[in-house]
Amino acid sequence: MKLAMIGFGQAGGKIVDKFLEYDERTNSGIVRAAVAVNTAKADLLGLDNIPEENRVLIGQARVKGHGVGADNELGAEIAEEDIDEIQGAIDNIPVHEIDAFLVVAGLGGGTGSGGSPVLAKHLQRIYTEPVYGLGVLPGSDEGGIYTLNAARSFQTFVREVDNLLVFDNDAWRKTGESMEGGYDHINEEIVRRFGVLFGAGEIGSGDNVAESVVDSSEIINTLSGGGVSTVGYASEDVELSSGGGGLLSRFKDDDGGEMDTANTTNRITSLVRKAALGRLTLPCEIDGAERALLVMAGPSAHLNRKGIERGRKWLEEQTGSMEVRGGDYPTNEPRVAAAVLLSGVHNVPRVKELQQVAIEAQENIDDIRQESEDNLEELVEDDEDELDPLF
């Protein structure tokens with residue numbers, strides 16, 4: 001799947017930067033074009049892989065390149081005012097070569113949280129290609145203002161994109177990690193999961209062709225109903241056979257060939273269960289998911305159609321959805337991986353909790369503002385009768 005990725009804000013820029021690194025390392029060719037947009041000059045300078053001409057600094061007239069300080073209303077205003085500058089960078093994207101846009105942002109801050117829904121709305125108005133969002137929720141320990149930002153951004157962003165893929169930092173932060181180490185680890189996890197998913201179907205000359213091809217249309221159809229999506233992932237290291245007999249040799253081998261087939265099938269179904277029931281990018285109950293997609297990646301000798309069909313059937317039973325697609329994606333990595341995309345999920349306790357905490361935070365902020373005004377009034381009113389004001 002060929003994507004034009006736009007990283008909005010600090011987190012979004014870093015994730016897109018990491019996607020480019022992943023692309024180069026795995027030769028997967030997912031990112032057809034990459035743009036970073038920010039109000040903070042320092043964040044743009046800290047990127048390694050996004051070309052300098054594709055780094056767009058907005059809001060210079062208002063914040064002088066210093067960011068919006070977690071004010072996502074200001075972030076949204078600046079994005080609207082400077083949308084032509086962002087469009088200038090998007091104009092360089094060969095849109096006829098891409099399958100979709102992916103707008104990536106952390107939802108807890110100011111620039112990405114406020115600006116990404118504005119950009120998504122703009123792209124939807126101009127282009128016919130799908131516009132997806134990849135939103136990162138802040139950890140619950142990051143503070144009330146970030147939770148409030150995320151809740152407001154989430155409910156706006158999800159309405160402006162064709163589908164919102166969500167990653168919840170809360171489910172992935174390790175105890176005792178430094179801030180920088182924690183975010184690096186989280187960004188690796190994001191890129192690995194979405195990399196396997198979006199990389200499916202890419203075939204180069206001389207590559208093994210999948211038994212059951214997953215291509216970009218399968219992903220687009222799975223995401224097409226809108227709503228919120230989450231991705232599960234599980235992998236297992238395997239030994240690459242030096243003989244290179246490929247998939248069919250597993251079936252034709254007279255000495256224990258049947259056992260090999262059974263092992264391969266069992267390994268695949270086990271990995272599918274681990275992916276769907278393990279840590280999802282956004283933890284949720286998988287029953288009630290409207291659509292699902294299973295991608296099995298790995299050396300072709302370790303993939304078989306029977307295992308994938310069993311895994312797909314199991315996903316149908318667990319989700320209750322009749323729209324479950326599946327297929328394989330042969331790679332030369334010494335690892336078999338299952339990526340499960342669950343789209344249109346509803347039973348998401350984290351989002352409900354986020355909204356509740358945000359409502360409380362908003363009420364507290366309003367109370368504190370009122371109290372602050374009352375305190376100031378009280379502080380100065382005693383002297384007002386005796387002192388004359390300057391003007």
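The values are calculated or read from the model by the stated rules, or taken from the named source; none is laboratory data. Treat the numbers as computed from the prediction; the structure is a model and nothing was measured. Here Cβ is always computed from backbone atoms with ideal geometry, including for glycine, and neighbour counts include all displayed protein chains. Each accessible area value is taken on the protein alone, full model and side chains, heavy atoms only, with ligands, DNA and RNA left out. Shrake-Rupley method; radii C 1.70, N 1.55, O 1.52, S 1.80 Å.
Output the residues belonging to region 274-294 that are out of contact with any Asp or Glu (no Cβ under 8 Å at 6 or more places or on another chain), of a type in the set (A, V, I, L, M, F, W, C) and under 19 Å from ASP168 (Cα atoms).
Those that are out of contact with any Asp or Glu (no Cβ under 8 Å at 6 or more places or on another chain), of a type in the set (A, V, I, L, M, F, W, C) and under 19 Å from ASP168 (Cα atoms): ALA275, ALA276, LEU277, LEU280, CYS284, ILE286, ALA289.
Do the conditions hold for ARG32, that is, is it surrounded by fewer than 22 Cβ atoms within 10 Å (Cβ to Cβ) and touching an Asp or Glu at 6+ places or on another chain (Cβ under 6 Å)?
Criteria met by ARG32.
With respect to ALA151, determine if the residue is part of a helix (DSSP H, G or I), at pLDDT 95 or above and of a type in the set (A, V, I, L, M).
No.
Hey, among GLU333, GLU323, which residue is among the acidic types (Asp, Glu), touching a Pro at 6+ places or on another chain (Cβ under 9 Å) and under 20 Å from ASP215 (Cα atoms)?
GLU333
Take region 344-356 and flag every residue that is open to solvent by 10 Å² or more (accessible area, probe 1.4 Å), at pLDDT 85 or above and not aliphatic (A, V, I, L, M).
Once the filter is applied, which keeps residues that are open to solvent by 10 Å² or more (accessible area, probe 1.4 Å), at pLDDT 85 or above and not aliphatic (A, V, I, L, M), region 344-356 yields HIS346, ASN347, PRO349, ARG350, LYS352, GLU353.
Looking at ARG62 and the list (1) in contact with a Phe, Trp or Tyr (Cβ under 8 Å, 6 or more places away or on another chain); (2) more than 24 Å from ALA151 (Cβ to Cβ), which single condition is not satisfied?
(1)
Any idea how many residues of region 87-107 are in contact (Cβ under 8 Å) with a residue 60 or more places away in the chain and either under 27 Å from ASP168 (Cβ atoms) or aromatic (Phe, Trp, Tyr) (or both)?
8
Taking into account only those residues within region 173-219 that are over 18 Å from ALA338 (Cβ atoms), at pLDDT below 85 and of a type in the set (A, V, I, L, M, F, W, C), which is least open to solvent (accessible area, probe 1.4 Å)?
Here the residue is ILE203.
Taking region 322-343 only, how many residues are surrounded by 16 or more Cβ atoms within 10 Å (Cβ to Cβ) and touching a Leu at 6+ places or on another chain (Cβ under 8 Å)?
14
Assuming GLU77 fulfils every condition listed in (1) surrounded by 13 or more Cβ atoms within 10 Å (Cβ to Cβ); (2) over 22 Å from the mean Cα position of the chain (by Cα); (3) over 30 Å from ALA358 (Cα atoms) apart from one, which condition is it?
(3)
Just to verify a result, which residue in region 84-111, among those that are among the charged types (D, E, K, R) and out of contact with any strand residue (DSSP E or B) (no Cβ under 9 Å at 6 or more places or on another chain), is least open to solvent (accessible area, probe 1.4 Å)?
ASP91
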